[in-house]
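Trainee: Before I ask anything, let me first share the structure, which is written out below as structure tokens.
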Amino acid sequence: MNWNRFLSRIRFRLSALIGPRMVYGFHRGDGMYLKRTRVSNMTRIEHINKLQVEDNVYIGHFNLIDASGGLHIGEGCQITNYVSVLTHSSHVAIRLYGREYLQRDNHAGYLKRPSSLGRYSFVGPHSVLMPGVTLGKGSIVSAYSYVPAGVYPDFAILSGNPARVVGDTREMDAKWLEQHPDLQALYEGWADD
């Protein structure tokens, strides 16, 4: 047993006794310690062994992060509050089988697909990302968006129910970079590779 990982999980659970708090430092399922990743003690992470998260990630309060189908969260991602990132869905299967759902195996209509959130993406509050979402780097998911399975381009601004691409974050970033040209090299360091 890895004692550091065990103590980290105990610290995470005990912090819930004092209310919502951001816990600095995160042990991935493979044991890697990410010192700059922050996860709320009020976020539920399921199947941590199938979660591949990179460092400098922020996962806020009251989220459901379901990694049962495989989930990659890229460096610098921000997942705000009340977000559901799903990699499985049983709602179709439950409707098809009704009361027999729990007595059956290998359900028709049961989805399990990996998802990926690109580096330096932002997911706004109350959003739902369905199984099979591939979100490009530098993207924004607007608040209250429902993102169906699909591949979304780098720097996309997604909004709506269902979400669709409504803009490009590079246009927004260009204004900031014009005001702060000293940041251009830092921005290009992740955006251009």
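Trainee: I'd like the full set of residues that are assigned to a strand (DSSP E or B) and either within 16 Å of PHE122 (Cβ to Cβ) or in contact with a His (Cβ under 7 Å, 6 or more places away or on another chain) (or both), limited to the stretch 57-71.
Mentor: Quick first cut of the stretch 57-71, residues assigned to a strand (DSSP E or B) only: 58-59, 64-66, 71.
Passing the criteria: TYR58, ILE59, ILE65, ASP66.
Trainee: Under 29 Å from ILE94 (Cα atoms) and either in contact (Cβ under 8 Å) with a residue 40 or more places away in the chain or charged (D, E, K, R) (or both): does that describe PRO125?
Mentor: On the way: under 29 Å from ILE94 (Cα atoms): yes; either in contact (Cβ under 8 Å) with a residue 40 or more places away in the chain or charged (D, E, K, R) (or both): yes.
So PRO125 fits the description; yes.
Trainee: Here is a further query. Name, by its number, the condition in (1) over 22 Å from the mean Cα position of the chain (by Cα); (2) closer than 24 Å to ASP55 by Cβ that does not hold for GLY136.
Mentor: (1)
Trainee: Sticking with this one: Here is a check on your reading of the model: is VAL151 touching a Ser or Thr at 6+ places or on another chain (Cβ under 7 Å) and either of a type in the set (S, T, N, Q) or modelled with pLDDT of 95 or more (or both)? Working first, answer last.
Mentor: Details: touching a Ser or Thr at 6+ places or on another chain (Cβ under 7 Å): yes; either of a type in the set (S, T, N, Q) or modelled with pLDDT of 95 or more (or both): yes.
For VAL151, the condition - touching a Ser or Thr at 6+ places or on another chain (Cβ under 7 Å) and either of a type in the set (S, T, N, Q) or modelled with pLDDT of 95 or more (or both) - is met.
Trainee: A further question on this structure: Output the residue which, of all residues in the stretch 161-186 that are under 18 Å from LEU117 (Cα atoms) and not hydrophobic (A, V, I, L, M, F, W, C), is surrounded by the fewest Cβ atoms within 10 Å (Cβ to Cβ).
Mentor: Of everything passing the filter in the stretch 161-186, PRO162 is surrounded by the fewest Cβ atoms within 10 Å (Cβ to Cβ).
Trainee: Of all the strands (runs of 3 or more DSSP E) wholly in the stretch 103-193, which have at least 3 residues that are farther than 19 Å from ASP66 by Cβ and in contact with a strand residue (DSSP E or B) (Cβ under 7 Å, 6 or more places away or on another chain)?
Mentor: It comes to 156-160, 163-168.
Trainee: Within 20 Å of MET172 (Cα to Cα) and polar (S, T, N, Q): which single residue out of SER145, SER116 fits that description? Break it down into steps so the answer makes sense when it comes.
Mentor: Working: SER116 fails: within 20 Å of MET172 (Cα to Cα).
Of SER145, SER116, the one residue that is within 20 Å of MET172 (Cα to Cα) and polar (S, T, N, Q) is SER145.
Trainee: Output the residues belonging to the stretch 72-122 that are free of Cβ contacts under 8 Å to residues at least 12 places away in the same chain and of a type in the set (S, T, N, Q).
Mentor: Across the stretch 72-122, the qualifying residues are GLN103, ASN106.
Trainee: For MET42, only one of the following conditions fails: (1) surrounded by fewer than 16 Cβ atoms within 10 Å (Cβ to Cβ); (2) within 21 Å of TYR144 (Cβ to Cβ); (3) at pLDDT below 95. What is its number?
Mentor: Just one mismatch for MET42, condition (1).
Trainee: Could you check HIS61 against (1) within 22 Å of SER145 (Cβ to Cβ); (2) surrounded by fewer than 16 Cβ atoms within 10 Å (Cβ to Cβ); (3) not acidic (Asp, Glu) and say which number it fails?
Mentor: Here HIS61 clears every test but (2).
Trainee: Output the residue which, of all residues in the stretch 1-33 that are over 19 Å from GLY70 (Cα atoms), surrounded by 11 or more Cβ atoms within 10 Å (Cβ to Cβ) and among the aliphatic types (A, V, I, L, M), is farthest from the chain's Cα centre (by Cα).
Mentor: So the residue we want is LEU7.
The values are calculated or read from the model by the stated rules, or taken from the named source; none is laboratory data. Note that the structure is predicted; figures quoted are calculated from it, not measured. Reconstructed Cβ throughout: ideal geometry from the backbone, glycine too, with neighbour counts over all protein chains shown.
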